[in-house]
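Following: one structure in structure tokens, then a few remarks.
The values are calculated or read from the model by the stated rules, or taken from the named source; none is laboratory data. Computed from a predicted model, the values in this text were never measured in an experiment. In this analysis, Cβ positions are derived from the backbone assuming ideal geometry, glycine residues included, and neighbour counts consider all displayed protein chains.
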Amino acid sequence: MKAVLNTFACIVLFLHSSFCVTSVPSKDYFDEELLLKPLPSGHIYAYFQFTTVWDVEFEVTSFHHCHLFPRALGEIVGHYNVQELHISLTGGLWRHETWGYPVHDAAPGAELWAWFKESTTSIDKTWKELAGALSGLLCASLNFIDSSNSLSPEFTFRPTGIVSSPAANSSYLRYATLPREIVCTENLTPWKKLLPCDAKKGLSTLLNAGHIHNTNYHSLGLHLRPVCRDVGCSQMSVELRQTVSLVYDMVILGNGNQDWSIKKLFGIGLSGACPLATMSNIYIDTTLNETGAHFQLSPTPPAIITSTRGGYESKFAVYDVKALDIDGMFNIAAFYSSSRVYGVNLPPVLYTNRYIIGYGQERGGIVTKLHNGHWKALDVVYLENIPWFMPLYLHTLKILANGQEIKPLILMDMTLTGQTINSYAYDGMLKELRKHFKPVRPHKNPAEMLLQHDKATHKFEDSGSHHKIWVDGVNPSTLQPQSSTFRSPLVSSRQGCYMQHKVSD
Amino acid sequence: MENLIYLEYAVAGIIRYWLLNSDYKQTIGDRVEISTPLNSWRKVTEGAYLYNEGINPYVGDNFHETPLGLTVFDKMISHIPQWIGIIFIVCDLVTAHVLYHTAQIFMSELVEKDKYAKDTEALLLKQSDLVLPPVYVASAYLFNPYIIFSCVGQTTTVFANLCLAFTFLLMIKGHRLACCSVLALATLQSLYPATLLVPASIYLAQAERTSSLEGRQSLRASSFILTAVTFIAALLLLLYISSELAGGWEFLHATYGFILNVPDLRPNVGLFWYFFTEMFENFRLLFIYAFQINAALLYLVPLTLRLHGEPMLLAASLTALMAVFKSYPSLGDVGFYLALLPMWKHLFNYMQQGFVVGCFFLITSVMGPIVWHLWIYSRSANANFYFGVTLAFATAQIFLVTDILFAYIKREFSLYHGLHREVNGKTTKLVLE
Amino acid sequence: MVKQPESTYSRLGGMQFIEGWFSFLWWISGQWFLLSAQIDANRIFAAVAYVVVLIVIGLPLWWKTTEVYRVSLPYSRIAALDNLDVTQGMNISISTLDTARGDKLVADLNDIFKTSKWFQLTFFALSLEKKYLASVHSLEDLENAPFQPRKVGELLLLEVPGLARFTANHVLVGLKRTVYFSSETTAVKLSEVLESWLLQEKSLRQTVAAMTAPTETDQDQSGRRRMPAAEEYDIMITVVNPEPEKLQLNWDLPKAVQVYLEPLLHELSPVARYTVKSQWLYFVTLNVQPKLVADSSGYGRKHYALAEDILPQIITPLEKKLASHVSRNPCLNFVVYVPPCEAAPLHIYRRQGVRVKGGVDAFLSPRWGGIVIHNPSSLICHNTSVQPKEYSPDTVAVMGVFLAQFRLLMGIPELEEISRADRLPLSVVSLGDWELDSLLRVRTMEQLTSARLTLQSLSQLLSEISNIVINDAVGDSVYRAVDCVERAAKLLKIGQLDRAFNDSKEAFLSAEAAFTDPSLLALLYFPDDQKYAVYIPLFLPVMIPVILSLKNIYAWFSGRINSKSKLKED
């Protein structure tokens, strides 16, 4: 011990002369937001978003020294040369036609896609190792992802962050889904540990597993991408978004009572904002307040903002949790004055249904119905991933629109083979989906895609997944045209907005 | 006789046409006993579709026809889709006709034989015996439900049978080049007919012997070599053409590789699928070797040694064994060799197990679909049931083949040693050692 | 679609039945050719053909397709590693003013060290030019003189006349590879310094003994603290701020790490590679309740006490956040815990109830890392106006502690007290060259022993269990390990310490790679009875007629030969 102290003393003597470091390293910011939106069908959509922005270049060594950014995730991202990463763990199906569009769409089960940096070699091996590391991080069985169920779709996905050149090379993209994955407390706990405030302070205290997973739809998401640091985009920052999307069925939860509150939804009130957060806001969508059942918010919202998107106006009540003087538990409650009113359901522009036809274990078919609610024709890119034990017959692909058969513009058939394992995935551009927007007519003929397949025999040593058929979700993506003065639901002052939603059966 | 034949053709054609245009066509074509991954028309359509879309049909597990077949079928599907059924029916009728001629020539051969024992005139064939068997052969082919279903289901076994039938005909006629070419075509499509090279070369050597002026007693070795060389050359030429059409050699993996490696384990009337589903992975290579040797090579040499004087019977037994033991058999293969059997009508007296075999065939043919439905649709049975039925079916076929061969041996013995078997004054019985 | 049977045995039962039926089928079909007929020869040849296919082709085929792939390994060489000679040769030069004294010292030291089991020391006298010693004004001049040994593993004992000018001690160990001693120093004193400080023979002995016979011997204190041998280490520096709303820390941690840790890591680079990472943890508490102690000082006339025996419980809540999902290297964790003003100052009390001396509240956890409790200064805490309070930690203090802990964790030993002997204080560098040498020595022995033990247990395992697959990669690793062990021992003998260390590291890593290769287990638990249960119903019924017909074949052939010989006789 004496020698240690001697050494220590010596070092201290020497080092004392060197400068004292007091500056803070690269800045990072943390914001937390919660959106509560009553839906016309009587459900409540709750959306949490925890954003960490870190002003640092996307290098391997940048992730060695983390502050608010979770180090465990940073190590993985740095080690595997990831440019952009999207993970989601979802339970339940999002009903587009009654609930509209969520902020982040996710397919049921586990979904993972990543863009690798251009300097990455042997992407398949890196992808498999990345899936293994992430499965350890989130306690999900993502390690089942390997080259036999991963794709590199060419048309469906575009990088959502900064890219070095406009032409994205899809060979650096890998996409995989595991539709059988269940999401539960086991996944929520490590997900919460990635937050700077853990689950001890701020909006993340509301995420109680017993209440979160008792919903019609619950989805945990993790989205990482490089963003511009300033308007001129001279430097990069790393943005990490952790999202939770929930849909509560208030008819069941409310026990007949329409009123809802944060305590009722999450089981606990809010004790304060996360001290590390720069911004901590709660938004309540009060648009339906005027058209549907009227509710009163208590306490009264300090601010109401109006957001206009494409001619469609939304009103939000904003509570800044940091500015509030919270004594004890803070609760926001909505009280309804009239009896329950189910609003008029306006389906969104594009939604899809899928189902399996046929009976028996010998053969069957998959039917996908695409509904177009827009007044113009839409081009849709359709991505589907079929597992190897359902050999497809592509010549049975029949696409009917308006009673007529249309042919896909481009049919890219990517077959991954590994001995007897092959899965088909195809990206097809369907042109000229002609639909007429008629708000009065309740039934519109959707476009139907029918595809037949066989069911194959499993060998003894394959894992027992042969009793049920789990088919991955489907991604119809479309380029939304510029919004018009008509009352059309979507966004943008740009030429088109890329919208993608996920469906499963 | 000719009129009877043409009448039969007409009736068979009408039956097939009616079934083709009825609601049953898709059901029959989808049945797993009729269409296997190798001969299913659905897969052919899929392959043609992929080919037209610019996607290589041999990548992935969906198409197993040769490139030659792909080209022909693709043209058929795209240009004359409404005539496809008719083409199948016509091919079937042509096959029947070819078999009829083969049987006629064979019957005429049977008459000329060596000297036999004194009291065997009762056993010898007479001229009147030669007329009916060819008709029976043709009828057995035309009205066999297995063949009818195979045709209606539009399986490519129809074309394979056509090639095999032509092989038999040309073999017995002694045209070397044509026979080897057709045999090469049959081998190209499904590997196993290569074993028919042995009886074919015996026949061709015999033909050469009879046509030569010297009247040699033994068969010339050079004839065998020439036959083999012709066959190999024809096969290589066809493979080369196929590779040119397919733009590479990867079609070998999807055709021959598929036949030999048995990757697809969909149930069929064969014996491979059950074993390969149940076994452990590290024994796979051993099992493949064992089963393929059993199917192709094991019985070739012993049968040849025993039956070298009777190449037609050799060819028929090899075809039968092929139909039982190949990796993806279908009922079309079974029906083909069943149609050949009436050529040895004179042996039917000596067959002992006819009734048993007949019952087996009937029961398994009916039980098969029932158990299949129970397994796949009602989920109340399992694979063992279906395999049991298939196994019984295979046993029945084996019994049939062995019975025919026993009968042949017995008749031969009787011909050479006389009807009355007495050794040292005591009645004897024929005993197998 | 195939329904899986309940257990493997019922599966085998059903399969055996099916296989039995199937092979009965084969047998039936194989019977027909064994008929009596006129043409005897053909019958026999047919049987021969059957036999040929089954036995001549079938048996080798079966053997080939079901064999376990095993590369041959040098089992005898591995067994011979037991007798490997691992003494370290070392050349130690002694330079004295007086040659007679020098020779006597050499003779004495040779005598003292001739019984050493682990070292083969060769002392020899070295004469230096007087000019070096004449113009010595300070010890730094000596340190920078050109006669300092540069080769790794060497030592120089230099008599400095007038050492009393610089120090009161008789023996002074320099920062490089020289030991300075005064004219009155005896050989005994020198040998004491050598053995206890520079050679560390006891530590070596105990390390090897603890590895070869772990139930009998324990590691010494230095060995218990030392991180296990590895190619690369991760260093994780964590700052824990339990209540950021009350206390905000301004600290450029990456810069601090780079300035203070990097030099030492650079000097230790011959030993291993290092990756330094840092993170901040918020809202992580100690999970233990410190005792409140009233006193006259502190921030509010009290302070908090942590007893020594509850210190291990502090580590537990931290562990959850310290793991890495990517790296498998051993990790040294250094944690700085900054309590908020309301819980400060927090001090560690030793078992005797005494506060830790030196004003540094820190403790080391062997093979894990160290924790420093850094209290915010009283100035900050008394300033009640600003909330949250801002505080910049004293980088020097914290990093200094980390450096000291790091040295211990890497295995740089603490030096026992020897009267009249001391070492030069560290100033610019943080590691003496001789310290690095002794660390290399210990690590070399450790890695060699570990490699040897791993190879021997692996070879025993592989020779006993025939079901283990040995593929090419494993074979290569084993050969490489054995080669490196033998080469390292040879290099050690001749004193090439750095090359011996590298070879021993290579041997250690290769042996570990071979031992933990997952491909070894591919067929390990495949029971033999299942193999036979698969073969026998399938092949045995087919072989029976073949074997029976062999008798007939033999009889026929011998009959032919007899008849031929009879003909010849006649």
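Values for this structure:
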item	result
Qualifying helices (runs of 4 or more DSSP H) (wholly inside the range A:120-223; at least 3 residues being hydrophobic (A, V, I, L, M, F, W, C), at pLDDT 90 or above and crowded, with 21+ Cβ neighbours inside 10 Å)	A:123-138
The one condition in (1) at pLDDT below 90; (2) surrounded by 15 or more Cβ atoms within 10 Å (Cβ to Cβ) that residue B:253 fails to fulfil	(2)
Test: residue in the range A:80-88 that is charged (D, E, K, R) and away from chain C (no Cβ under 14 Å)	yes
Residues satisfying the stated conditions in the range B:52-68, i.e. outside any loop (DSSP other than H, G, I, E, B) and surrounded by fewer than 20 Cβ atoms within 10 Å (Cβ to Cβ)	B:52, B:68
Those residues of the range B:289-301 which are more than 9 Å from every other protein chain (Cβ to nearest Cβ) and either crowded, with 23+ Cβ neighbours inside 10 Å or not polar (S, T, N, Q) (or both), in sequence order	B:291, B:295, B:296
Subset of the range C:467-496 [surrounded by fewer than 22 Cβ atoms within 10 Å (Cβ to Cβ), in contact with a strand residue (DSSP E or B) (Cβ under 8 Å, 6 or more places away or on another chain) and on the phi < 0 side of the Ramachandran plot]	C:468, C:469, C:470, C:493, C:494
Selection from the range C:323-358 of residues that are basic (Lys, Arg) and either buried (at least 17 other Cβ atoms within 10 Å of the Cβ) or within 34 Å of the chain's Cα centre (by Cα) (or both)	C:328, C:350, C:351
Residue in the range C:262-282 that is nearest to the other protein chains (Cβ to nearest Cβ), counting only those that are touching a strand residue (DSSP E or B) at 6+ places or on another chain (Cβ under 6 Å) and hydrophobic (A, V, I, L, M, F, W, C)	C:280
Flag if residue C:312 is farther than 18 Å from residue C:244 by Cα, touching a Leu at 6+ places or on another chain (Cβ under 6 Å) and at pLDDT 85 or above	no
Residues (in contact with a strand residue (DSSP E or B) (Cβ under 7 Å, 6 or more places away or on another chain), among the acidic types (Asp, Glu) and part of a loop (DSSP other than H, G, I, E, B)) located in the range A:44-92	A:55, A:57
For residue C:263: the one exception among (1) surrounded by 18 or more Cβ atoms within 10 Å (Cβ to Cβ); (2) in a helix (DSSP H, G or I); (3) out of contact with any Pro (no Cβ under 6 Å at 6 or more places or on another chain)	(1)
Residues located in the range B:324-340, provided they are away from chain C (no Cβ under 13 Å), more than 20 Å from residue B:171 (Cα to Cα) and in a helix (DSSP H, G or I)	B:331, B:332, B:334, B:335
Cβ pairs under 6 Å, 6+ apart, first in the range A:259-282 and within 14 Å of another protein chain (Cβ to nearest Cβ) and farther than 24 Å from residue A:296 by Cα, second in a strand (DSSP E or B) and aromatic (Phe, Trp, Tyr)	A:276/A:30; A:277/A:30; A:278/A:29
Which numbered condition residue B:281 misses (of (1) over 19 Å from residue B:103 (Cα atoms); (2) more than 9 Å from every other protein chain (Cβ to nearest Cβ); (3) of a type outside the set (Ser, Thr, Tyr))	(2)
Segments classed as helices (runs of 4 or more DSSP H), wholly inside the range C:102-215, with at least 2 members that are basic (Lys, Arg) and surrounded by fewer than 17 Cβ atoms within 10 Å (Cβ to Cβ)	C:130-134, C:201-212
Subset of the range A:243-258 (residues that are surrounded by fewer than 20 Cβ atoms within 10 Å (Cβ to Cβ), touching a residue at least 40 places away in the same chain (Cβ under 8 Å) and touching a strand residue (DSSP E or B) at 6+ places or on another chain (Cβ under 8 Å))	A:249, A:258
Residue C:372 vs. criteria within 13 Å of chain A (Cβ to nearest Cβ), assigned to a strand (DSSP E or B), under 17 Å from residue C:236 (Cβ atoms) and not charged (D, E, K, R)	yes
Residues within the range A:86-107 that are buried (at least 24 other Cβ atoms within 10 Å of the Cβ) and over 19 Å from residue A:143 (Cβ atoms), tallied	2
Answer from A:124, A:55, A:31, A:105 - the residue that is within 14 Å of chain C (Cβ to nearest Cβ) and of a type outside the set (A, V, I, L, M, F, W, C)	A:55
Tally of residues being under 13 Å from residue C:552 (Cβ atoms) and either part of a loop (DSSP other than H, G, I, E, B) or at pLDDT 75 or above (or both) across the range C:21-43	4
All positions within the range C:217-240 that are among the acidic types (Asp, Glu) and crowded, with 20+ Cβ neighbours inside 10 Å	C:234
Of the criteria (1) within 26 Å of residue B:193 (Cβ to Cβ); (2) within 13 Å of chain C (Cβ to nearest Cβ); (3) in contact with a Ser or Thr (Cβ under 8 Å, 6 or more places away or on another chain), which one residue B:304 fails	(3)
Any hit, the range A:233-242, residues being modelled with pLDDT under 90 and either buried (at least 16 other Cβ atoms within 10 Å of the Cβ) or not assigned by TED's automatic domain parsing to the domain that holds residue A:43 (or both)	yes
Where residue C:243 falls short, out of the listed (1) outside the structural domain of residue C:399 (by TED's automatic domain parsing); (2) surrounded by 17 or more Cβ atoms within 10 Å (Cβ to Cβ); (3) charged (D, E, K, R)	(1)
